[in-house]
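This report concerns only the one structure given below.
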Amino acid sequence: MAAARRRHGILTKPPGALGRLEDLSIWLAGVQGTCPPRPPGRIRVIVIAGDHGIAAAGVSAFPSEVTAQMVANFAAGGAAVNVLARQVGASVRVVDVAVDTPEPTAPGGVDGTAPPERYRIRRASGRIDQDDALTPAEVSAAFAVGRLIADEEIDAGADLLIPGEMGIGNTTAAAAVIGTLLDLEPAEVVGRGTGIDDQRWMIKVAAIRDAMRRARHAGNALSVLRVAGGADLAALAGLLVQAGVRRTPVVLDGVIVCAAALAAETIVPGARQWWIAGSRSPEPAQRFVLDRLGLEPLVDAGLRLGEGTGALLAVPMLLAAQRTLAEMATFDQAGVSSGKSDPSGPAPSESEGSGDGLAADGTSTDAP
């Protein structure tokens, strides 16, 4: 990161003129441990799919059957996430951890040949306004599955991960988790999800209120995921933690992924250093998470689809940040006057860092 800051000081531009592209490139140099940073060679979207029993309360505009139908759509390449992934050269994997079908709906493993049962935790998570989403054994298994997925993808060469999700009722579970972990009022964290009307919104507020009441004394963040979250959220949290362990950058998506990120950072403080926020969601709960994590989204396009779509919109900015730092000419190379007697300047000290927990040499001071 120190080397990236020095390099920005000698490129043919005024200091700071590239704005957030400069911050992004410095972050990317830090997580990769090299300057200039490399372009991502294998961008991988991982859509974690799971149904939620709370959908039976009428919190969504769509029935639970849509989850399995959309998993098939992902596999066929017809969803928005597939289209946007193709645009940036990414590939999409979908993992069924708790879809409400008798058998898993998605193939298993990086190449689709592993047994899908390896990733399946249960058939739909519990109805969180009345019952726990998961048992203690199930939440531990889901968290471990998320870590396994991250390891599989990174071992196969992925160097940029984009977690996504699919599951009717998942914004209700995400809001309950966020509200509980941040001690917020239910009405503060409830959004419109799939586009619900006022009557469904009131039903959703009541469901989140009851789930938060049950989760208030759950204990640690993993227990909150067990009581008020679900298998998909726990798996996403495990994936995000393991990305930090493996020093692999992640672009966060909307409110569901951000709920998992909040839990992950609570479980393993410092994991957030490996993440950037891709897109601002209209869901109000996301703002509270991003404020707590100290992350500012790269784009604000009003997306509320999930799946990883908002994060994919941010990938071109990340690619632009890498290329400008790596490919721009320096003042000396271009024969351009910098207006400074010593354009390179002294090497910055650790105290000049961005406050993100990374030392000047790019190593983590508090990451997992």
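The values are calculated or read from the model by the stated rules, or taken from the named source; none is laboratory data. As the structure is a prediction and not an experimental result, all values here were calculated from the model. Methodologically, a virtual Cβ is constructed for each residue, glycine included, from the backbone with ideal geometry; neighbour enumeration extends over all protein chains shown. Accessible surface is based on the protein model in full, side chains and every heavy atom, while ligands, DNA and RNA are left aside. Shrake-Rupley method; radii C 1.70, N 1.55, O 1.52, S 1.80 Å.
Just need the relative contact order of region 85-160 here, percent rounded to a whole number, with Cα pairs under 8 Å and 6+ apart.
Result for region 85-160 is 23 percent.
Just the number, please: percent antiparallel of the DSSP beta bridges in the chain, rounded to the nearest 5.
About 15 percent, rounded to the nearest 5.
Taking 8 Å as the Cα distance limit and 6 or more residues as the minimum spacing, I'd like the relative contact order of region 78-120 as a percentage.
The value is 28 percent.
With every protein chain kept in place and ligands, DNA and RNA left out, what is the accessible area per residue of region 43-126? Probe 1.4 Å, answer in Å².
39 Å²
At a temperature of 37 °C and a viscosity of 0.692 mPa s, determine how fast the chain diffuses translationally according to Stokes-Einstein, using the Kirkwood radius over alpha-carbon pairs as Rh; express D in µm²/s, rounded to the nearest whole number.
Calculated translational D: 158 µm²/s.
Per the 1.4 Å probe, what fraction of the accessible area of region 17-176, in percent, lies on carbon and sulfur atoms?
In region 17-176, the share of accessible area belonging to carbon and sulfur is 53 percent.
How many angstrom separate the Cα center of region 264-330 from the Cα center of region 85-147?
Result: 24 Å between the Cα centres.
What number comes out for accessible area per residue over region 279-323 if the probe is 1.4 Å? Units Å², please.
41 Å²
Assuming 0.36 nm per residue, please report the length gained on full extension of the stretch residue 327 to residue 42 beyond their Cα-Cα distance.
100.6 nm
What number comes out for the charge environment of residue 306, summing +1 per Lys or Arg and -1 per Asp or Glu over other residues with Cβ under 9 Å away?
Here the count lands on -2.
How big is the antiparallel share of DSSP beta bridges in region 1-133, given as a percent to the nearest 5?
10 percent
Rounded to the nearest 500 deg cm²/dmol, what is the calculated helix-only ellipticity per residue at 222 nm for the chain, with -39500 (n - 2.57) per DSSP H run of length n ≥ 4?
-14000 deg cm²/dmol
Fully extended, how many nm does the chain gain between residue 206 and residue 34 (0.36 nm per residue separation, minus their Cα-Cα distance)?
Additional length available on full extension: 57.0 nm.
Compare the peptides 209-222, 271-284 by average per-residue count of other Cβ atoms within 10 angstrom and give them in order, highest first.
The packing order, highest mean first, is 271-284, 209-222.
With a cut-off of 8 Å between alpha carbons and a minimum separation of six or more residues, what is the relative contact order of the chain in percent?
24 percent
Going by average Cβ neighbours within 10 Å, how do the peptides 295-305, 237-247 rank, with the highest at the top?
Highest to lowest by the protection proxy: 237-247, 295-305.
Roll a 1.4 angstrom probe over the protein heavy atoms and tell me the percent of accessible area of region 212-332 that is carbon or sulfur.
Looking at region 212-332 in its full context, I get 50 percent from C and S.
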